[in-house]
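What follows draws every value from the coordinates through simple rules; no lab data is involved. Note that the structure is predicted; figures quoted are calculated from it, not measured. Methodologically, a virtual Cβ is constructed for each residue, glycine included, from the backbone with ideal geometry; neighbour enumeration extends over all protein chains shown.
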Amino acid sequence: MNLKDISTSVPKKDHSGKVSGQLAYISDVKVENMVYGVLVRSPIAYGKIKSIQLPNFPEGYEAVGAEQIPGPNVVKIIQEDQPIFANEWVNYIGEPILMLVGKELDILYRLLNEVKIEFDELQAIYTLDDAIQQKSAPGVTMASYEFGENLDVISTIEQGAHKIIEEEYSTGYQEHVYLEPQGMLGIYKDDEIVVQGSMQCLYYIKNALISALACGDDEVRVVQSPTGGGFGGKEEFPSMMACHVAVAANAVKKSVMLVFDRSEDMVVTTKRHPAKIKYRTAIDEEGNILSMCVDVFLDGGANAGLSSVVLQRALLNSAGVYKIPHFHAKGYVLKTNTVPNGAFRGFGAPQSFAGIESHIGHISKLSKLDPLDYKRKYLVKQGDPTITKGQFRDPILMEDMIEDLLNASDFKSKKGEFQRFNQQNLRYKKGIGTSLFLHGCGFTGSGERDHIKATVKLVKSRDDKVLLKISNSDMGQGIYTTLSKIVAQALDLPFDRVLYPDPDTKEVPDSGPTVASRTTMIVGKLLERAAKKLKAQWQPGVEQEVVENYVHREMIPWDEKTFTGDAYPAYSWGVNIVEVEVDTLTGNVKLEKVYANYEVGKVIDDRIMKGQIDGGLAQGLAYGYLEKMTSKEGRIQQKSISDYGPPTSMDVVSIESKVFDNPYADGPYGAKGAGELTLIGGAPAVQAAIEDALQTSFQQIPITPEVIIESL
Amino acid sequence: MAEKITAYRFDRLDQTLSQLNKENCSIIAGGTDVMVLHKSRRGVPPKIPNPVIFIDHLSELKRVYQNQKDLHIGACCTYSELLEDPLIPLPLKNAIKTIAAPAIRNRGTLGGNICNASPAGDTLPLLYVYNAKLLLRSVNGDRVVAISDFIQGVRRVGRQHNEILVEIILPSVLEEGSHVVFEKVGNRNADAIAKVGFAGLIRVNDSRVEDVRFAFGAVGPTMVRSVDIEKKLLGKPIPLADSDVAEVVAAFDKIIRPIDDQRSTAIYRKKVALNLLRYFLSSKQYQPN
């Protein structure tokens, strides 16, 4: 491959299989000796199991539970608080207790209704507000961190301040709505259990299986099947399903298929953490910020899962893209008896950015200053310290990106035009809003060096084809194409001679999970280096193999205890401008125009990047005003896509976007992360636009029609 | 193994009616409601309690024609077909465009929307203000009922087991002079179930109200319409006085009693329903459409 510019688009590797509908997803797969599994789930939010009474099973049908787990009854994630099958306590509605297995689903569904479980039901914690009230009770706080300026110093500053502005901001659930619901197949073989399914993190699953099955490294194998969307929903959640099917396959000595339908998926799988964020900001007479304290509370749901890491990212982004003097932050993950919350594109950052963009906007309005001018005054510059005493060491193009977008959107004249429109129109009100944001690429702190330690392998076959041997999943984001392109370009090999087979832990080293906007930047760089090495030693017609290991960029060392140092090796940046029209009779919000500028180092494929922009922004905008999920006494209320309401093509307008070049030395061809960044600016920009239209302030997202009508 | 079900698909309406007279069947027109109603969990076919009888192909049920100033619409015309038909009034077309998405509109029928009798049925508010009449046929003959008498409650209609809804008649709809609006409030612009529906019709003669009707959807078990309240406005001068508008809004405030559910709140539904009514009544002038 010899592209003058690597960004030039090529057809996606998996294009024809997906477009023709030929590609087999996990629910299309049938293997010999296969039975189905269905889960008996807790009907109550919190309590102790007193007794379980099973129906008489027809031949070939049986129940699998905690007793059949060879290893500890724990889904290995971070903390050991998530049982594979709850056998003593249940902590949320929908928690798996048993799996029933057998040949026919309709018989399994009938048997499900005949399982009788008695519980001692206890008082559950249903809401984040309740958990905040009880946060010092044992077991409620699952993680907490605190860092920044000394509180005595802040207290002195506040005493001399002109005004103290306090705001409480809340964000709701978000559901991933991946097109393909979760599915996992455990294939029983004499000498190994193979787990195949829809997933982002092969080695997370493999490690969970080695623990659950108490077996050797070569007795389990994880294979990724084509994955129809992940968005973080297939980061840690599939580990539990993999344990279910593997334990069951091991127990019944048959292959076991577990696939959720949409409503089961919506009710029991992880969501984005609802958050409450409290701001306390001291300002002087001119409206300058003197100090700021931020308290972040995340609703963790019933299990810790990855919540502590989500909280870290929420805190690391709590000051947004701003250099705030005397900044202090603390945060908590609190337990509620609701479905566990987990990874979701942005991973804590969308909550923080929605909050800080809202708060800074409100401060500027109180001081009668233009929100965007005010934000630009505080915008971080190259060389500035981060809130954790790290450093923004690479060039920052935000000022150029903002200027460019103001011109593209004709921002200044729109403002006046909308004011005139709003004076004349009684029913509809137009508004325009902006958001400024960044995303730290890769794992937080020293995670890549200390925990992930990624390894990649390239194998050259005798017929001079090159195979990527890595554990990363293409879930629709296009890495089959982008990573193959990086290798083909570095080797100067035709694109179709570079192959990327579905990852299989028997074949591939651990190149890390497919998360945290790390794949292109970290794994891509390793592959680029491996390809260059292979090129140097290339021998036609000979089988060859090259391995590369992660090398850490020299930075200010990250200390998780003190929350100091460089939290990320690099940052990607973005600016969004959104125009809306609000119907004051119904509260409905219509997107009119969406403009977006991004900086991701270097784009590896223009069309794939455009896919990330359009999809990420649609998801981020919807998070701000459209998608609404609620829990009532521990029960998720929206069980269908139409009730939850993600945007359709009738809701999103075409997005005018541009990506700025700013090559990053430690990324392949200069590339940084892009997958999560594109979501983050959507909600704050749409909020600002709605506020501009209605000349009011909101302290929450989503700003649904119900919220708008109540405010009018 | 999936259980077998009995399904009928006759060539003609009379054969269909004679089978229905012998046996209680689940009637499938487009199937977009029946299939969802009887859906099983993943991997198991829908369980429909009765034999199924298909009527979607019967040409007797797919005609659209004019009879003097009345419009007759075959019950099994799909939404997509109606969008293409020059006789269908524009407000009805606009209402149809808010239903689901093209794939569903290719299957779903106007008759099905009525017989499903959902509190949130998209076309129903408009059919109520059109004073739609329904032609029902059985082996015993025809009868005509008003839509407001036919729909009795949530998914409950006054159809005998041996009857089929044959035509929807919109009386005098092809007369010029009425101003009609339709508003569907959903959580998004496609594939959404209405949170509030509103239809209003007004005919002005010599700057006075000659006829006025309004109906609300998704704010009660069935459409909310009140002829008594409408009567209060007859003969009033246009634009309506603030006090007249306020009186009508206050009257509906008393009879609209929506619920909280996973899609919205009672407070929102009521407020929006009244907002739309007030807006409709506060217009300075009404252009016939």
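Strictly over 19 Å apart at the Cα level, which of A:Lys234/A:Lys254; A:Lys335/A:Lys561; A:Lys48/A:Lys632; A:Lys469/A:Lys533; A:Lys465/A:Lys533 would you flag in this model?
The answer is A:Lys234/A:Lys254; A:Lys335/A:Lys561; A:Lys48/A:Lys632.
Kindly provide the pair-distance distribution of the range A:546-641 built from C-alpha pairs, with 5 Å bins from 0 and whole-percent values in order of increasing distance.
Taking all Cα pairs of the range A:546-641, the binned fractions are 2, 8, 12, 12, 13, 13, 14, 12, 8, 4, 1, 0, 0 percent.
For A:Asn549 and A:Ala214 in one chain, what is 0.36 nm times their gap in residues minus the Cα-Cα distance, to one decimal in nm?
Roughly 117.8 nm would be gained on extension.
Just want the answer: with Cβ charges of +1 for Lys and Arg and -1 for Asp and Glu, which residue in A:Ile154, A:Asn588, A:Gly433 is farthest toward the dipole's positive end in the protein assembly as shown?
A:Asn588
How far apart, in nanometres, would the label points at A:Ser697 and A:Ile132 be if each is projected 7 angstrom from Cα along the Cα-to-Cβ direction?
If labels sit at A:Ser697 and A:Ile132, their model points lie 1.6 nm apart.
Checking the a/c ratio against 1.5 first, then a/b against b/c, what shape does the Cα gyration tensor give for the protein assembly as shown?
oblate
Can you give the Rg and Dmax of the range B:178-281 based on its C-alpha atoms, in angstrom?
14.0, 46
In debye, nearest 20, what is the charge dipole magnitude of chain A about its Cα centre with +1 on Lys and Arg Cβ and -1 on Asp and Glu Cβ, if you could check?
The dipole of chain A has a size of about 940 debye.
Which value in Å is the Kirkwood Rh of the range B:7-170 over different Cα pairs?
Computed over the range B:7-170, the radius equals 16.1 Å.
Treat each spin label as a single point 7 Å out from the Cα along the C-beta direction, and report the A:Ser51 to A:Gln391 distance in nm.
Going by the 7 Å Cα→Cβ label model, 6.9 nm.
Taking 30 Å as R0, compute the FRET efficiency from the Cβ-Cβ separation of B:Glu247 and B:Lys93 and round it to 0.05.
About 0.35, to the nearest 0.05.
Between A:Asn2 and A:Ile556, what FRET efficiency comes out of the Förster formula 1/(1 + (r/R0)^6) with R0 = 51 Å and r the beta carbon distance, rounded to 0.05?
That pair, A:Ile556 with A:Asn2, gives E of 0.85.
Can you figure out the FRET efficiency of A:Val115 with B:Arg143, using R₀ = 56 Å and their beta-carbon distance, to the nearest 0.05?
With R0 = 56 Å, the Cβ-Cβ based efficiency is 0.65.
Can you compute the modelled spin-label distance between A:Asp606 and B:Leu174, with each label point 7 Å from Cα toward Cβ, in nm?
Going from the A:Asp606 label point to the B:Leu174 one covers 5.5 nm.
Might you report the magnitude of the Cβ-based charge dipole of the range B:7-170 about its Cα centre, with Lys and Arg at +1 and Asp and Glu at -1, to the nearest 20 debye? Present the calculation step by step, with values, prior to reporting the outcome.
Working: 20 positive and 15 negative charges, 117 e Å.
So the magnitude is around 560 debye.
Over the range A:1-149, consider all pairs of different Cα atoms and compute the Kirkwood hydrodynamic radius from their mean reciprocal separation; express it in Å, one decimal. Each step should come with its number before you reach the end.
Values: mean 1/r = 0.0502 Å⁻¹.
Hydrodynamic radius (Kirkwood, Cα only) of the range A:1-149 equals 19.9 Å.
Between 0 and 90 degrees, rounded to the nearest ten: what's the tilt of helix B:13-22 against the longest Cα principal axis of chain B?
Roughly 70 degrees between the two axes.
Have a look at A:Tyr173, B:Ile28, B:Gly177 and report the one farthest towards the positive end of the charge dipole of the protein assembly as shown, computed about the Cα centre with Cβ charges (Lys/Arg +1, Asp/Glu -1).
Going by the Cα projections, it comes out as B:Gly177.
I need the P(r) histogram for the range A:413-543: all alpha carbon pairs, bin width 10 Å from 0 out to the longest distance, whole percents.
Histogramming the range A:413-543 at 10 Å steps yields 11, 33, 22, 9, 10, 10, 4, 1 percent.
Straight-line reach from B:Lys236: which aspartates and glutamates have Cα under 18 Å away, leaving out those fewer than 8 places along the same chain?
Cross-link targets: B:Asp206, B:Glu210, B:Asp211, B:Asp228, B:Asp244, B:Glu247.
Would you please name the trypsin sites (Lys or Arg not before Pro) within the range A:160-218 that are DSSP coil residues with at most 14 other C-beta atoms within 10 Å of their C-beta?
Hits after loop and neighbour filter: A:Lys189.
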